[in-house]
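Worksheet: the structure to be examined is printed underneath.
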Amino acid sequence: MSMSSWVSPPTRNELIEDLVSGVDRYNPSNVSILEDYLYHQIRSEEYDCLANLAILKLYQFNPDLYNPDVVVNILIKALTACPLPDFNLCISLLDERPVNANLDEPDPLPALLPILRGLHSLLYRCRFPKFWEEYRSEELEALRVNYTVECVGFENAVREVAVRAVKAAFTEISTTRLGSYLDLTGIEYYRHS
């Protein structure tokens with residue numbers, strides 16, 4: 001990903017460009033527009049870090065707007081940008097905040113944050129087989145069922161992280177080893193490659 005596409009992805013529409021590039025990014029009345037754009041990213045395999053950071057900044061300035069599901073989805077999208085610093089940038093905007101009594105359901109973030117940090121660490125350190133083992137574990141079923149299943153192309157985006165790392169580090173790699181990095185075997189492997 002080039003710096004220009006990180007700052008302004010080609011899929012970002014004009015309204016979002018104006019919000020993210022101007023002073024309106026701090027206007028709390030725009031949070032629903034940015035949240036809708038996040039859900040567009042989730043459904044369409046697009047990613048816009050700066051728009052997502054704007055949401056987190058709005059939550060920081062306006063704790064009453066906080067939506068834990070939106071935060072989890074932002075972190076899941078940021079995972080797939082590894083090794084870029086996106087995930088850590090998002091984490092840095094999640095300050096210590098008081099428990100929001102306005103939430104209808106318990107906040108899932110305190111339980112999911114260590115899990116997401118662990119997955120990020122595995123991706124960042126190129127521990128791809130261990131990432132897949134953890135991700136597929138029974139303990140992370142709730143993450144898969146409630147969040148990553150909604151994020152169209154999540155697993156393929158993680159595979160792209162592995163492919164970028166392999167291209168940077170290897171001149172030659174066995175099919176078996178690459179398959180373990182991509183969590184693909186047999187027919188799946190050949191369909192994906």
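Cys82 versus (1) open to solvent by 40 Å² or more (accessible area, probe 1.4 Å); (2) of a type outside the set (S, T, N, Q); (3) modelled with pLDDT under 95: which is the lone unmet condition?
Unmet condition: (1).
What pairs come out if I take residues in region 108-123 that are at pLDDT below 95 and pair them with residues that are charged (D, E, K, R) whose C-beta lies under 6 Å away, six or more apart or interchain?
No pair meets every condition.
Check whether at least one residue in region 123-130 is open to solvent by less than 60 Å² (accessible area, probe 1.4 Å) and either of a type in the set (Gly, Ala, Ser) or out of contact with any Ser or Thr (no Cβ under 9 Å at 6 or more places or on another chain) (or both), and report yes or no.
Narrowing region 123-130 to residues open to solvent by less than 60 Å² (accessible area, probe 1.4 Å): 123, 128-129.
Pick out the ones that are also either of a type in the set (Gly, Ala, Ser) or out of contact with any Ser or Thr (no Cβ under 9 Å at 6 or more places or on another chain) (or both) and you get none.
Checked against the condition, which is being open to solvent by less than 60 Å² (accessible area, probe 1.4 Å) and either of a type in the set (Gly, Ala, Ser) or out of contact with any Ser or Thr (no Cβ under 9 Å at 6 or more places or on another chain) (or both), region 123-130 yields no hits at all.
I need the full set of residues from region 72-81 which are among the aliphatic types (A, V, I, L, M) and in contact with a Cys (Cβ under 8 Å, 6 or more places away or on another chain), in order please. I'd like the intermediate steps shown before the answer.
Quick first cut of region 72-81, residues among the aliphatic types (A, V, I, L, M) only: 72, 74-76, 78-79, 81.
Of everything in region 72-81, those that are among the aliphatic types (A, V, I, L, M) and in contact with a Cys (Cβ under 8 Å, 6 or more places away or on another chain) turn out to be Ile74, Leu75, Ile76, Ala78, Ala81.
Of the residues that sit in region 103-132 and are in contact with a helix residue (DSSP H, G or I) (Cβ under 6 Å, 6 or more places away or on another chain) and assigned to a loop (DSSP other than H, G, I, E, B), which one is farthest from Asp69 (Cα to Cα)?
By that ranking, first place goes to Cys126.
Could you check region 158-180 and list, in sequence order, the residues that are open to solvent by 30 Å² or more (accessible area, probe 1.4 Å) and within 26 Å of Ser44 (Cα to Cα)?
Keep residues of region 158-180 that are open to solvent by 30 Å² or more (accessible area, probe 1.4 Å), which gives 160, 163-164, 167-178, 180.
Answer for region 158-180, where residues must be open to solvent by 30 Å² or more (accessible area, probe 1.4 Å) and within 26 Å of Ser44 (Cα to Cα): Glu160, Val163, Arg164, Lys167.
When you check Pro85 against the structure, is it without any contact (Cβ under 8 Å) to a residue 24 or more places away in the chain and closer than 21 Å to Arg159 by Cα, yes or no?
Working: without any contact (Cβ under 8 Å) to a residue 24 or more places away in the chain: yes; closer than 21 Å to Arg159 by Cα: yes.
Against the criterion (without any contact (Cβ under 8 Å) to a residue 24 or more places away in the chain and closer than 21 Å to Arg159 by Cα), Pro85 qualifies.
When you check Leu50 against the structure, is it in contact with a helix residue (DSSP H, G or I) (Cβ under 7 Å, 6 or more places away or on another chain) and open to solvent by less than 40 Å² (accessible area, probe 1.4 Å), yes or no?
So Leu50 fails the test.
Quick check: anything in region 29-44 hydroxyl-bearing (Ser, Thr, Tyr), surrounded by fewer than 21 Cβ atoms within 10 Å (Cβ to Cβ), farther than 16 Å from Glu150 by Cβ and in contact with a helix residue (DSSP H, G or I) (Cβ under 7 Å, 6 or more places away or on another chain)?
no
So that you can scan it fast, the table gives a plain yes or no per residue for (1) of a type in the set (A, V, I, L, M, F, W, C); (2) open to solvent by 10 Å² or more (accessible area, probe 1.4 Å); (3) touching a Lys or Arg at 6+ places or on another chain (Cβ under 8 Å):
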{"position": "Thr11", "(1), (2), (3)": "no, yes, no"}
{"position": "Val23", "(1), (2), (3)": "yes, yes, no"}
{"position": "Tyr66", "(1), (2), (3)": "no, yes, yes"}
{"position": "Ile76", "(1), (2), (3)": "yes, no, no"}
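Quick one: is Val145 assigned to a helix (DSSP H, G or I), of a type in the set (Val, Ile, Thr) and open to solvent by 60 Å² or more (accessible area, probe 1.4 Å)?
Considered against the rule, which asks whether it is assigned to a helix (DSSP H, G or I), of a type in the set (Val, Ile, Thr) and open to solvent by 60 Å² or more (accessible area, probe 1.4 Å), Val145 comes out as yes.
The values are calculated or read from the model by the stated rules, or taken from the named source; none is laboratory data. Keep in mind that what you see is a predicted model, and the values were worked out from it rather than measured. Note: ideal-geometry Cβ built from the backbone for every residue, glycine included; neighbour counts use all protein chains shown. SASA here: full protein model, heavy atoms, side chains in, ligands and nucleic acids out. Shrake-Rupley method; radii C 1.70, N 1.55, O 1.52, S 1.80 Å.
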